[in-house]
Structure formats: structure tokens, C-alpha cells
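Report on one structure; see the data block that follows.
Every number in this text was worked out from the coordinates using simple rules, so none of it is lab data. Everything quoted here is computed from the prediction, not taken from an experiment. Cβ coordinates were reconstructed from backbone atoms using ideal geometry, including for glycine residues, and neighbour counts include every protein chain displayed.
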Amino acid sequence: MFVSKLLSVAVAAVFIGQAVASPIMPMPLRRQIEHREPDAFETIQAYKRADVNTIPAEEATMSSNGEVVKFSNNHKRADVNTIPAEEATMSSNGQVVKFQNNHRRADVNTIPAEEATMSSNGQVVKFSNNHRRADVNTIPAEEPTMSSNGQVVKFSNNHKRADVNTIPAEEATMSSNGQVVKFSNNHKRADVNTIPAEEATMSSNGQVVKFQNNHRRADVNTIPAEEATMSSNGQVVKFSNNHRRADVNTIPAEVATMSKDGQVVEFSNKD
């Protein structure tokens, strides 16, 4: 009896241990996992590793078409200047050569310093002036002179002097065709204003006439000041408003309102 009970307890302990050890999942999912077959592995693209730099560290390297190679320079170095430093040099077609100047130097001025010099066709020559000097003025200083065709000659005036003004100083004068004549005015003076000063005047066709206004004055506002007025067809009339005023909101302030068909109504939301 005791042995059978002990055996039952052992079997129960085995089942309880398996239940605790395995994860809790639904039975259908567990059956699906147990009967699933492993899929084939996917192929992963492999990338070729760049070549390792096997050139010794003490040698110079460079890149050629994406490869690390030994350094080489196919560009020819400019020629070294082998001309001694004390000799002048110049550049000729990209080469350093001895200085030479094939341009002829201008002739040296061998004319003594006390003699005047001038330039003639790019040469320094003695000064000479082939231009004839203007004639000397031999007219006595007390006589007036003038220039005629580049010559200094005695002064003469062949232009007739303007007529002298013989009109007495107390008479008014004017110019007519270059002559000084007595003053005359053929332009009619504007009419004098003969209208008494106390009367209003105006201009009509360039004449001073009595003031008149043919434009009708706007009607005077005869409506009492305490009444409201408005304009109708250019006339001042009593105020009237034929437009119907919007309905007054009679809903208490504590009640929410909304607009419906142009009316203020209590708020409702039936959507």
C-alpha cells in the first residue's frame, strides 16, 4: 500500500517537472513547431577583399587604378639651372639660358650739354627751328594796334558807329529795328475796373464784371438737429432704414448657441 502511493507520487513529480521545464504555449502552435521542416539556407553575396599592401613601408607608394603600387613619376623634371650665379640669365622657350639682348640700344647723346638739343626721328640732334619767327611789332607804343591776318598792324575800324541817342533824357525811349526811338505802345491797355470796391467781382472772358453764380446752391438742411439725417439722391432727408435687423438673441447667456439658417439657436450636435 505504501509502495503504490510512493510510486504514484514519483510519476506525478515527473509530469510536473516536464510541465515546468517546457515553455507555456498553445497546443496547436506546439504541434506546428514540432512538425516544421528546416528551410534551405539563403546565399549571401561575398565581397572580394581589397589587395593587401605588400610593399615595404620604407618604399614610397601611390595609387594607380585603385591599386597600391610603388611610386613612379613619368613627368620630366625641369632642367636644373647650371649657369653660374654671377651671370645674368633669362628664359627662352621655357629654358634658363644666359642673358642676351638683340635689341639695339638707342644712340648715346654726344652733343655737349651747353648746346640745345631736340629729337628728330628718334635721334638726339642739335636744336634747329625752321619755322619763321613772327614779325616784330615796329608800331610805336602810343598808337593802337590790332591783328590782321596774323600781322600786327595799326588799329582801324571800318564798322560804322551806332547812331547817337539825340532824344532828350526826360523822354522815354525804346529800341526799334536797332534804332533808339521815342517810346510808343500800340497795345491796348486792359480795361480799368470801374466796379465799386464794395461789390463782388469776377472775371468773364478776360473782363472784370460783377459777381454772379448761375449754379444752383444745394438745398439747406431744414431738419432739426436732434433728428437723424441721411443722404438720398443728393438730398438731406430724415434717417430711415428699410433693411430688416437680424433677430435678437433671446437665449440666456449660460446656454450655448449656434447659427442655423441665419438664426441664433440653442446649440445641438446630432452628427
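Give, in nm to one decimal, the length gained when the segment between Ala12 and Ile55 is fully stretched (0.36 nm per residue of separation minus the Cα-Cα distance). It would help to have the intermediate numbers written out before the result.
Values: separation 43, 0.36 × 43 = 15.48 nm, distance 7.37 nm.
Gain in length upon complete extension: 8.1 nm.
Starting from 0.36 nm per residue, how many nanometres of slack lie between Val255 and Ala116 once their C-alpha separation is accounted for?
38.0 nm
So for the pair Asn81, Phe155, with labels modelled 7 Å out along Cα→Cβ, what separation do we get in nm?
With each label placed 7 Å out from Cα toward Cβ, I get 7.6 nm.
Please arrange Glu227, Glu86 by how many other C-beta atoms lie within 10 Å of their C-beta, fewest to most.
Neighbour counts put them in this order, fewest first: Glu86, Glu227.
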